[in-house]
Each structure stands twice: as C-alpha cells, then as structure tokens.
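S.K.: Mind looking over this structure? Questions follow.
The values are calculated or read from the model by the stated rules, or taken from the named source; none is laboratory data. Small disclaimer: the values here were computed from a predicted structure and weren't measured. Neighbour counts are summed over all protein chains in view; Cβ atoms, including those assigned to glycine, are modelled from backbone coordinates with ideal geometry.
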C-alpha cells in the first residue's frame, strides 16, 4: 500500500514538473530526488508514522501575545512571551523564569506565525488554562478548534497553515477580579515543507497591529517617568486641608489638596507641556 501511494504521488509530481518546461537530464535527476524525498515525507505523514517537529521552536516561527504582565516588553526575561517557548530553560539568578504571564486582559492570547506554510497535527499548552485555537491558512480562510485542556489533536492534520493563535480561558467569580494567567510551554507539533531549512531555537518576537500597544506603551512609560525624575513631595496644612506640593529641584510641578474632613482630594498641575519648536500640532 505504501509503495503504491508513493508511486502515485511521485508520478503526479513528475508529470507536473514536466509541464513546467523542458529540463536537462541532470535537472531531471535532481528534481526526481527532491520530489521523491518530498513524497516519502508526505506518505509518512499520511500513514501517521512521521515524527512531528515542534514548529514553534524553529527559526521559521515568530510569536506575539496580547500583553506581558506589568506592561513589560514582549521579550522581557522574567515574564515575556518567549518564556513559553524556551523548553523550560530560562534561568535568571538561579530562578527558573519559564512562563509567559499575561497582563490581566479579558482575552489573553499567544500567536505563532510561520515564514512558510506548515502542516499542524497537534497543539499543546502546558501549565495553562483551557484554550481554543484560531488557525489561519496560507490561501486565506481559517478554522477554529473547540476549547480543550492541555492539547488539541487535529485529525487529519491541517496543511497550508500560516498562523496559530491560542486564546486562553479566564475564570472569574463574583468575589475576585480577573487576574493574570500563566502559560509554561506552548508546542505546535507538525511538519515543515521538505525543502525548508531551519534551526531549532526560541522563536523571534513579532509585532502585529493587534499587539503593537505594549511596545509603544513601554516606551511612553519610560519617557513619562523621565519627565518627573526624582520628584519630592512637601506637605503643609491649612485650617481645613493638607496641601502636598511635588517639586523637581526648585520647580514645583503639581499640587494636591486633601480635605481634613473627608479625605476628598483635588489636583492642580503647576507646569504645562508644550510642543517642541519643530513639532507640529495637528
């Protein structure tokens, strides 16, 4: 049965190659070897005897996420998204920081994109809440998996996949607010095209429109902190209130007045932001 399957697939592939144009004998031999290896791989996949690759830990993968805890950058060493693709090997100062930690959003997700179309057989998420997956294909279209706990097996495997986005379930009750979730390890098991060249490694960080805000907000936070570096408060009081004035050096920047009667506070900026001379305000 296997020999018949390989022969049929190889014949179809060679016929297709012949229609592509005339080839020299050497080119035909090279093409025959390439197609034979590819067809052998396809036959093993169809039979279920091929050993899958963790596609998410290859140089052909790029990852992003809905957030990182504390509005940290995606590549943060302590809680960043790459920690869910490190095979448990991220150690810092003797501590194993090997989980992605979300920022407490309503719909936490991780997305893996591939440089080439791949075949996906199984999706795993260790140390994670239940998840569902949104699978997008190279030739448009998408497919969704039901929510599962730990792993989602695709039978048959899905070919031509360009991205896999895992959406994690957030459990809430009436007494506690929605919190962050942790994911220890994500694996996307499947098969690469026969001629794809890759290295086994932690995936690259990717930026999508959906995920750009954490990058920008981290920069904004750094700038914002720099505006009021080493600001010190000074407390005075009147008959009815406490007055707290915040100063940077000799420059007073903000005044807060707090009522002695009920703690009601009001704030008053004592400086204003102006655009730089070369900035245009639209």
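S.K.: Across segment 106-128, which residue is surrounded by the fewest Cβ atoms within 10 Å (Cβ to Cβ) among those that are without any contact (Cβ under 8 Å) to a residue 60 or more places away in the chain and within 16 Å of residue 67 (Cα to Cα)?
M.R.: 109
S.K.: Could you look through segment 202-220, keep only residues that are exposed (fewer than 13 other Cβ atoms within 10 Å of the Cβ) and at pLDDT 75 or above, and pick out the one that is farthest from residue 161 (Cα to Cα)?
M.R.: Among residues in segment 202-220 that are exposed (fewer than 13 other Cβ atoms within 10 Å of the Cβ) and at pLDDT 75 or above, the one farthest from residue 161 (Cα to Cα) is 220.
S.K.: Restricting attention to segment 31-65, and to residues there that are at pLDDT below 90 and assigned to a loop (DSSP other than H, G, I, E, B), which single residue is surrounded by the most Cβ atoms within 10 Å (Cβ to Cβ)?
M.R.: Step one: filter segment 31-65 for residues at pLDDT below 90, giving 31-51.
Those left that are additionally assigned to a loop (DSSP other than H, G, I, E, B): 48-51.
Working: 48: 10, 49: 9, 50: 18, 51: 7.
Checking each candidate, the answer is 50.
S.K.: If I go through segment 221-232 residue by residue, how many of them are modelled with pLDDT of 80 or more and either within 25 Å of residue 86 (Cα to Cα) or surrounded by 11 or more Cβ atoms within 10 Å (Cβ to Cβ) (or both)?
M.R.: Looking only at that region, the number is 1.
S.K.: Provide a single number: the residues in segment 74-112 that are within 24 Å of residue 216 (Cβ to Cβ) and outside any helix (DSSP H, G or I).
M.R.: Applying the first criterion (within 24 Å of residue 216 (Cβ to Cβ)) to segment 74-112 yields 74-85, 100-112.
Now narrow it down to the ones that are outside any helix (DSSP H, G or I): 74-80, 100-112.
Number of matching residues: 20.
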